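The values are calculated or read from the model by the stated rules, or taken from the named source; none is laboratory data. Please read these numbers as outputs of a predicted model, since none were measured by experiment. When we count neighbours, we look across all protein chains shown, and the Cβ atoms used for this are built from the backbone with ideal geometry, even at glycine. Remember, those area values only see protein heavy atoms, side chains included, never the ligands or the DNA or RNA. Shrake-Rupley method; radii C 1.70, N 1.55, O 1.52, S 1.80 Å.
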Amino acid sequence: MLQSAGATAANQSQTDIAFQRCINPSCAATYEARSVRTACDRCGELLDIAYEWDRASVPAKLSDFEAMWSRRYEPMRFSGVWRFHELLPFCRPDEIVTVGEGQTLLQQADAVAKFVGMNPGQLHLQYEGMNPSGSFKDNGMCAAFTHACMMGAQRAACASTGNTSASLALYCSATQKMKAVIFIGSGKISYGKLSQALDYGALTVQIAGDFDDAMIRVKQISEQLGIYLVNSVNPFRLEGQKTIMFRILEALRWQVPDWIVVPGGNLGNSSAFGKAFAELKQLGLIDRLPRLAVINAAGADTLYELYERRGVRWNDGKVDMDPIRAYNDHMDREGLKADTIASAIEINRPVNLKKCLRALDTMDGVVRQVCDQDILDAKAQVGAGGFGCEPASAASVAGAKLLRREGVIAPSDRVVCVLTGHELKDPTATVAYHTTDQEMFNKVLASRGVQKASHANRAIAVPNELDDIIKAIQLYS
Ligand code: F0G
């Protein structure tokens, strides 16, 4: 299956109900959906995809989407993104590109709930690592990739801490529709992710710098060379990422949870989640919104610093830029670079900052930061009580635990932690945590301030003797 999904309603053009709109309410300039831009021409702000909803054919209630799932022999309805096409109707059904993304799971995780301090049955983990490229990125990539194809792009580019690049590379290899050009910081990407980009045949440019440097370069280069940019400044990416929330609601039989907890890096996810819930509310498909918790790694905590410490708010679109500029200047002056074992969110200049502030406003949000020690302990618990995840993803569970301890989250709240990437993305961090090899522990973890691996599951070394092996198994099992 895959690719060009369903010719079912091929001729029924829906593009005219979608357009791009500047997020700055006092500008609100609009542009055609069928144009390539990552910022407002007039004021330079980020763009949203907006819809004339009164002309769209949106189901009357969310449970109507269940009928779509029953038609999963159609690629468009098999996709966990495109079966919600009516809620992101910027393309015609015959234009949709899919590789079967979005077959992800919501797991009730009672062992992890205990670790977090929640009542049994109340903590759920949303496994976005089950996507084809192993992370949530495929949700957004299929949308941006579809738009790139609509625009006739030949090449697509991104800067990445590893997952966006793996996703783009996969869409390029699986569809053969485009060439991937990816920018990564040197030494800043886990082997699992790098191996994907290389294996899928992406042109991989490793620049001397970190993600924030790569992001600046990829913007310049894609503009200069006319390459389609798929980072989350691309508003179509976020349309696809909205569907993570739709699938969570679906798994909860359309009941709205109390909290969505998500790691924050470039802040595309949190921005998309805020937009998803705002639109569902506007469409009368839900009657209340969950609260949002965005969790930074302590070594990459710009959002936390700005939102919780310096009080920066969306403020109806009139964001006070002074504290943001002051903090950026401070980082420049001090030469501060993001540094965390959660390499996926090792980002100091999140491009979606303003959209995330809007989402925090919409969803009565909070921001927290968690240290690498807490991230890895939480990750070990997710592995021992669930299906595992990569370090950045576990920030959500560590964050939920912190918010529980603070009393912000109640034990009886219904909480969903979004696990953004697959366990196998970063085996080095996992092995270093569980290892008995002190040298490896020191090199990978102690150098980052991780002191101990309290939840480690260590391999036991035994001589190659039957009796010794049996003795060891009896002793430890
Ligand atoms: N979790 C994982 C596993 C990620 O790969 C990322 C971002 C995030 C969380 C943060 O999400 O940017 O929406 O706040 N990774 C990007 C990349 C930056 O290049 O793969 P966000």
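In contact with an Asp or Glu (Cβ under 9 Å, 6 or more places away or on another chain), open to solvent by 20 Å² or more (accessible area, probe 1.4 Å) and within 15 Å of the ligand (Cβ to nearest atom): does that describe residue 299?
yes
Residue by residue through region 270-289, note down the ones that are away from the ligand (no atom under 14 Å from the Cβ) and not polar (S, T, N, Q).
Those that are away from the ligand (no atom under 14 Å from the Cβ) and not polar (S, T, N, Q): 277, 278, 279, 280, 281, 283, 284, 285, 286, 287, 288, 289.
Taking residue 338 as the residue in question, decide whether it is assigned to a helix (DSSP H, G or I), open to solvent by less than 40 Å² (accessible area, probe 1.4 Å), within 24 Å of residue 211 (Cα to Cα) and within 16 Å of the ligand (Cβ to nearest atom).
no
Does residue 198 meet the test of being modelled with pLDDT of 95 or more and open to solvent by 30 Å² or more (accessible area, probe 1.4 Å)?
Spelling it out, residue 198 is indeed modelled with pLDDT of 95 or more and open to solvent by 30 Å² or more (accessible area, probe 1.4 Å).
Residue 325 fails exactly one of the following numbered conditions: (1) more than 30 Å from residue 255 (Cα to Cα); (2) within 15 Å of the ligand (Cβ to nearest atom); (3) open to solvent by 10 Å² or more (accessible area, probe 1.4 Å). What is the number of that condition?
(2) is the only condition that residue 325 fails.
Identify, please: which residue in region 87-97 is more than 17 Å from residue 272 (Cβ to Cβ) and assigned to a helix (DSSP H, G or I) and is, among those, farthest from the chain's Cα centre (by Cα)?
Checking each candidate, the answer is 94.
Somewhere in region 252-262, is a residue within 27 Å of residue 86 (Cβ to Cβ), among the acidic types (Asp, Glu), touching a helix residue (DSSP H, G or I) at 6+ places or on another chain (Cβ under 8 Å) and more than 13 Å from the ligand (Cβ to nearest atom)?
no
Filter region 41-78 down to residues that are touching a Cys at 6+ places or on another chain (Cβ under 7 Å) and open to solvent by less than 20 Å² (accessible area, probe 1.4 Å), then give me how many there are.
So the count comes out to 1.
Within region 343-357, restricting attention to residues that are surrounded by 24 or more Cβ atoms within 10 Å (Cβ to Cβ) and not in a loop (DSSP other than H, G, I, E, B), which residue is nearest to the ligand (Cβ to nearest atom)?
That would be 344.
Would a scan of region 160-168 turn up a residue that is surrounded by fewer than 24 Cβ atoms within 10 Å (Cβ to Cβ), in contact with a helix residue (DSSP H, G or I) (Cβ under 6 Å, 6 or more places away or on another chain) and touching a residue at least 60 places away in the same chain (Cβ under 8 Å)?
No, there is no match, as no residue in region 160-168 is surrounded by fewer than 24 Cβ atoms within 10 Å (Cβ to Cβ), in contact with a helix residue (DSSP H, G or I) (Cβ under 6 Å, 6 or more places away or on another chain) and touching a residue at least 60 places away in the same chain (Cβ under 8 Å).
Quick test for you: out of 292, 267, 249, 238, pick the one residue that is within 13 Å of the ligand (Cβ to nearest atom), touching a residue at least 24 places away in the same chain (Cβ under 8 Å), closer than 22 Å to residue 109 by Cα and buried (at least 19 other Cβ atoms within 10 Å of the Cβ).
292
State the number of residues belonging to region 183-220 that are more than 20 Å from residue 47 (Cβ to Cβ), in contact (Cβ under 8 Å) with a residue 60 or more places away in the chain and aliphatic (A, V, I, L, M).
The number of residues fulfilling the criteria is 1.
Criterion first (surrounded by 15 or more Cβ atoms within 10 Å (Cβ to Cβ) and under 28 Å from residue 192 (Cα atoms)) does residue 319 satisfy it?
Here the answer is no, as residue 319 does not meet what is asked.
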